[in-house]
Amino acid sequence: MAGGTKRLPRAVREQQMLDAAVHVFAANGFRETSMDAIAAEASISKPMLYLYYGSKDELFGACINREGGRFIEAMSAGFDPNLKQRDQARTVIYDFLYYVHNNRESWRVLYRLATGQAKFVGLVDASRARLIEMVADLLRRGTTVPHPSDTDFELMAVALVGAGEAVADRIAEGDIDLDSAADLMVSMGWRGLAGDRP
């Protein structure tokens, strides 16, 4: 490379580009972000960025895929069938909010910017559907009342995930304390798990 820049393995360079892109997209939004700004943030030339990612849309899609995968991976760790249901609920909810707290730029790209771009909504919906499926399974296994239909579990999961996303937005903006938000969500989630039990 020109200037004596050390060659990096392709996989490492790709991750650096994605890191830079997530940072710039989160700061400026999709429309206002240029490939020039991302190349500058990644300390590479714009032609090299285009060599790896042929367009801004392609790069943004790669960001969503990576960040969505990381999010689901972080959430999957909390689904431990060996935990009591209340402990599992707290673990899952806390992991969700803790992830957002520590990955605010990732959250903005995934759930603010991507949902505002019609061509990327499907990618976000796929990760949301996976999360809803995981929460519905937790509810199904943890309920203490006779099982209603699977649709009821799915709707409960949709409600909990939707509430979680709204609270996560407040955390991403620094408007609410992580522990207070987690306690509130656990209280709500536990009512769903416990059913009508006093």
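If you take the residues in region 81-108 that are aliphatic (A, V, I, L, M) and at pLDDT below 85, which one is most open to solvent (accessible area, probe 1.4 Å)?
L83
Kindly indicate whether L8 is in contact (Cβ under 8 Å) with a residue 24 or more places away in the chain and either among the hydrophobic types (A, V, I, L, M, F, W, C) or more than 14 Å from A114 (Cα to Cα) (or both).
No.
Of all residues in region 71-90, how many are under 13 Å from V109 (Cα atoms) and either over 19 Å from the mean Cα position of the chain (by Cα) or free of Cβ contacts under 8 Å to residues at least 40 places away in the same chain (or both)?
0
Give T144, T151 a once-over and let me know the one that is over 20 Å from R86 (Cβ atoms), modelled with pLDDT under 85 and open to solvent by 60 Å² or more (accessible area, probe 1.4 Å).
Residue meeting the stated conditions: T151.
Residue under question is E41, and the condition is that it be under 18 Å from R130 (Cα atoms) and either out of contact with any His (no Cβ under 8 Å at 6 or more places or on another chain) or free of Cβ contacts under 8 Å to residues at least 24 places away in the same chain (or both); does it hold?
When the stated conditions are applied, E41 does not pass them.
Would you check if D36 is open to solvent by 80 Å² or more (accessible area, probe 1.4 Å), in contact with a Lys or Arg (Cβ under 8 Å, 6 or more places away or on another chain) and under 24 Å from T115 (Cα atoms)?
yes
I'd like to know if region 40-56 contains one or more residues that are charged (D, E, K, R), open to solvent by less than 60 Å² (accessible area, probe 1.4 Å) and modelled with pLDDT of 95 or more.
yes
Return a yes/no flag: does region 11-25 have any residue that is among the aromatic types (F, W, Y) and open to solvent by 20 Å² or more (accessible area, probe 1.4 Å).
Checked against the condition, which is being among the aromatic types (F, W, Y) and open to solvent by 20 Å² or more (accessible area, probe 1.4 Å), region 11-25 yields no hits at all.
The values are calculated or read from the model by the stated rules, or taken from the named source; none is laboratory data. Everything quoted here is computed from the prediction, not taken from an experiment. Note that we place each Cβ from the backbone using ideal geometry, even for glycine, and neighbour counts take in every protein chain shown. The protein model used for the area step is the full one, side chains on, heavy atoms only, and it has no ligands, DNA or RNA in it. Shrake-Rupley method; radii C 1.70, N 1.55, O 1.52, S 1.80 Å.
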